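> Please read through the structure below; I'll follow up with questions.
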Amino acid sequence: MLRLFLLFVGLLTLGLIVWHIGPENVYDAAAQLGPVALLVMLIPSAIMYVVEAYGWKVTLGPSAKEIPFWRVLLIRTAGEAVNMTTPAGYVGGEPLKAHLLRKYHVPMEEAFTSVIIAKTTMTIAEVLFILLGIALGVWLLDSNESFGQTLPAALLSVGLLAFVSAGLVFVQRQGLFTWLLEFLPKIGLKIAYLEARGERLRSVDREIWGFYSHRRTAFSASTGLFFLGWIAEALEVYVIIWYLGGPAMALYAISIAALSVFIKSSTFFIPGSLGAQDGGNLLLLNAFGYSDITGITFALLRRFRELVWIGIGLLCLALLGGRHREFRKVPHTTEAMVSNTFSLPPLDSAEVSSTPVLRKAHFWQRNARVSLNERQRNMLNRVLDGFKDNLTAGKWAVIAKCSIPTAQRDIKELIDQGLLVRNEGESENTSYSIAAQ
């Protein structure tokens, strides 16, 4: 009920702003642009989506490395459309991103780890971008009295945001879900959904800890790419102001873009930040010397951009659903092709036991329906090809470039499915081999 009230207030505020300035004045300013200008204004946001998709891709685990970048871009675009249209503080689309990754055989732990890490690096980059914008605003508008009055509040809010970001990284390193699963029973709360998934949530914590411990370069690269994505938003501000008659200046554009991001982040509890974001953009452009008409037209053009990308995101979601239906047919098609094309000798025949190629083909024919991730499939192929050393969890982790807990989980799943067995007579550094079939 509160959100509906805030939505109503936001719509009313936006309507009053447009009425005060004059709808005909706003229409005249927008009508002078034309379709070509509107398309050009979308280019910076397209760059932002591409760069930020790369920022997410570098956080993906080994199971997702084979997913083409264009598909990662589609998944992220679909998730961001949900973020912009659901009243969940711009995080409603994150579970969707993880869900769409899982459709391409990415384990749940890796999918949610990448989403959590990417959201964290994006927030850190956002804080840095806002701080840059405030610094430029202080330098460029040191004589503006209204800006000087709001500066302490802005710095306090950004400081709080930075503190929350640092706390989020710290909690993730310590084990967010593990702490939650241990804390809730202490205060008498039992959530069946969480308890039923306790082990998997602890696995997510281990994956996150492994990322922060062993993939610091990827963490820094992701943060840097997301920062470039925010800079692309400043390019959009520059282009819009230039088309509206300017004057357009790069430093002004960076400061306006950063402070606009700050306003949007601070009003996440209002659906779409409606009214607050638009009024804030109007006041920002007024502070930098632009007219009311330029300010409100600027705000409405940015709303137009959001609507376009929401439409594109929903289209991406529909395409990914279709791709998934095709993808699910592949294992069955492959199984049929193998069964109908090859007539293999019996498994216990001398020909099979002495021919690695036939043994490998027979293995995959027998296990065509088993669901495996990319690491498991590659490691089984390596063993079937004649792995010389004893296969241990440590060697699995090194070869597959994953953490030891991930390797142990992969091996346990294969044992449960009857594809691997523990070698007998070993107390330390347990090794494994292909199960007899």
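> Quick one: which of Ala29, Ala53 is surrounded by 17 or more Cβ atoms within 10 Å (Cβ to Cβ) and modelled with pLDDT of 65 or more?
Going through Ala29, Ala53 in turn, just one is surrounded by 17 or more Cβ atoms within 10 Å (Cβ to Cβ) and modelled with pLDDT of 65 or more: Ala53.
> Turning to a different aspect of this structure: Within region 140-155, is there a residue that is more than 30 Å from Ala64 (Cβ to Cβ), at pLDDT 75 or above and of a type in the set (A, V, I, L, M)?
Looking for residues that are more than 30 Å from Ala64 (Cβ to Cβ), at pLDDT 75 or above and of a type in the set (A, V, I, L, M), one finds at least one in region 140-155, hence yes.
> Within region 254-271, which residues are in contact with a Phe, Trp or Tyr (Cβ under 8 Å, 6 or more places away or on another chain) and under 14 Å from Gly295 (Cβ atoms)?
Matches in region 254-271: Ile256 only.
> So Ile43 ticks every box in (1) modelled with pLDDT of 90 or more; (2) crowded, with 16+ Cβ neighbours inside 10 Å but one. Which box is left unticked?
For Ile43, the failing item is (2).
> Another question, then. When region 176-222 is examined, which residues are found to be surrounded by 20 or more Cβ atoms within 10 Å (Cβ to Cβ), under 30 Å from Ile47 (Cβ atoms) and not small (Gly, Ala, Ser)?
Within region 176-222, Ile208, Phe211 meet the criteria.
> Still on this model: Across region 232-252, which residue is farthest from the chain's Cα centre (by Cα) among those that are closer than 21 Å to Ile130 by Cβ and open to solvent by 30 Å² or more (accessible area, probe 1.4 Å)?
Applying the filter and picking the extreme gives Met249.
> OK, next. What about Arg375, is it at pLDDT 75 or above, surrounded by fewer than 16 Cβ atoms within 10 Å (Cβ to Cβ) and of a type in the set (D, E, K, R)?
No; evaluated as a whole, the condition is false for this residue.
> Go through the residues of region 199-216 one by one and say whether even a single one is without any contact (Cβ under 8 Å) to a residue 12 or more places away in the chain, in a helix (DSSP H, G or I) and acidic (Asp, Glu).
Yes: one or more hits.
The values are calculated or read from the model by the stated rules, or taken from the named source; none is laboratory data. These figures come from a predicted structure and were not determined experimentally. No Cβ is skipped: glycine too gets one built from the backbone with ideal geometry, and neighbour counts run over all protein chains shown. For accessibility, only protein heavy atoms count, side chains too; no ligands or nucleic acids. Shrake-Rupley method; radii C 1.70, N 1.55, O 1.52, S 1.80 Å.
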